[in-house]
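Below is one structure, written out as structure tokens, with a few remarks after it.
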Amino acid sequence: MYPAKFDYLAPESLDETLSILADRGDEVKILAGGQSLIPMMKLRFATPPTLLDINRIPGLDGLTRTNGTLSIGALVRHNDVVKSDVAKANHTVVSAAPWIADPIVRNLGTLAGSLAHHDPEGDWASVMLACDGKVVLTSSTGERVVPITEFLVDMFSTSCQPNEMVTEVRVKAHSDRGGGNYQKLERKVGDYATVGVATCLELADDGTVAGAGIALTSVYAFNLKVTEAESLLKGETPSEELFKEAARVASQACDPASDSRGSADYKRHIVDIYTQRGLAESLAIAQGGQS
Amino acid sequence: MNVTVTINGTERSADVEPRLLLVDFIRSNLGLTGTHIGCDTTSCGVCTVLLDGTPVKTCTVFAVQANGRSITTVEGLKQNGELSAMQTAFHEEHGLQCGFCTPAMMLVGTALLEENPDPTEDEVRWAISGNLCRCTGYMNIVKAIQAAAQSAKEGASV
């Protein structure tokens, strides 16, 4: 399979890249890891006139923690996250990373590119929805920081404008009273999730839930943030019963399709079980005082 | 576009269309057919080579992306004209049946030992989980990579 013809540009500076985007961003697709884009081009689902390879731009591969924020540059590969000590600042992120695609695809594919591609069954969007991640969009006129809920518009579409590119993804580091987790059921390594559940918890000093995030993968038309289950947890004392109730709400909120990966009932059941497990694991980390 | 790579230690150039896939550049332009084409959809991993030492699936990389970079294919594994420890181990442990996935398996094994010289069975299985073998059931592939790790500890070069 071969893509349609395209012009290839590999600028060596961000300024040059942004000026190309300002000039003709509407005919450009940005190439980071290419592990979703190139397959789509080979199938000719994507036929960009120009491919803008950002891999030769220095400074986009930073994975850093500043105060309470984890910053993930546009060229941070999934495997960089797997291997990073810094990324452990967010337990949900570090727990999801080894579940993305397969080990070889993880060497090239990027977290930021995965969000920008916005496959509605991608794993990272659920992680970012559970953890209230933010996306930094940069253009020649400046940058704006967009909450993930505003960044993800519809399947394969985001609020990134033609003159902008994703330069960074930001997510809060967990405190020493926080925890998080990603549970994924997949038929085989590299497959889409049959079901994925991202959870994120922060406890107050008195042990009650100060903040909670739950988001689901592959069981709705898009990555589903279950706000009703999140607010049900807030202010409450964590318990098995409380988590069961949140999981029940999550399993009711989703709307999985019956397909080759399983029946809708089966997936709904897995959402219930995985939400309970994810919350229990997040709580164990939060109470264990890991940071 | 002109693409220049250092492949198995030798600099090679060719003028290519931007849409040429790296696997076809290696096989057709450079004539190194040890890198195979399998699924052509980023799944099977038989087209894996080491790009600056890191395994990548060359059906999902354009040749132009490799410009100026260093590539190792199965043809580059031998050390001073002799089989490397990894190649020897695949031979001795019979880590193959039809041989189609073998170049990629050996390259992934080589990259693994570079990073983790003494992997557990689980770590080996994890490392090769992006590579399909439709013959062996993986038993002897895992054994071979572990045997290579053992012989590297005893001084052989991987």
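We did not get these values from a lab; they are worked out from the coordinates using the rules stated. Quantities reported herein were computed from a predicted structural model and do not represent experimental measurements. Here the Cβ is made from the backbone with ideal geometry for all residues, glycine too, and neighbour counts use every protein chain on show.
Overview of values
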read-out	value
Residue match in region B:8-21 (condition: surrounded by fewer than 16 Cβ atoms within 10 Å (Cβ to Cβ), within 10 Å of chain A (Cβ to nearest Cβ), free of Cβ contacts under 8 Å to residues at least 40 places away in the same chain and not small (G, A, S))	yes
Looking only at region B:128-145, and only at residues there that are part of a loop (DSSP other than H, G, I, E, B) and more than 14 Å from every other protein chain (Cβ to nearest Cβ), the one that is nearest to A:A101 (Cα to Cα)	B:G137
Matching strands (runs of 3 or more DSSP E) fully within region A:133-216 where at least 1 residues are closer than 19 Å to A:L232 by Cα	A:178-185, A:195-203
Output for region B:53-72, where each listed residue is surrounded by fewer than 23 Cβ atoms within 10 Å (Cβ to Cβ) and within 12 Å of the chain's Cα centre (by Cα)	B:G53, B:T54, B:T72
Region B:102-127, subset in contact (Cβ under 8 Å) with a residue 60 or more places away in the chain and within 11 Å of chain A (Cβ to nearest Cβ), residue nearest to B:C47 (Cα to Cα)	B:A104
Conditions (1) touching a residue at least 40 places away in the same chain (Cβ under 8 Å); (2) over 30 Å from A:L283 (Cα atoms); (3) not in a loop (DSSP other than H, G, I, E, B): number failed by A:I104	(1)
Whichever residue in region A:152-190 is farther than 23 Å from A:A89 by Cα and among the hydrophobic types (A, V, I, L, M, F, W, C) and, among such residues, is surrounded by the most Cβ atoms within 10 Å (Cβ to Cβ)	A:M165
Subset of region A:221-264 [of a type in the set (S, T, Y) and crowded, with 19+ Cβ neighbours inside 10 Å]	A:S251
Residues that are closer than 24 Å to A:N79 by Cα, in a helix (DSSP H, G or I) and of a type in the set (D, E, K, R), drawn from region B:85-119	B:E114, B:E115
Residue within region A:264-285 that is out of contact with any His (no Cβ under 8 Å at 6 or more places or on another chain) and either on the phi > 0 side of the Ramachandran plot or assigned to a loop (DSSP other than H, G, I, E, B) (or both) present	no
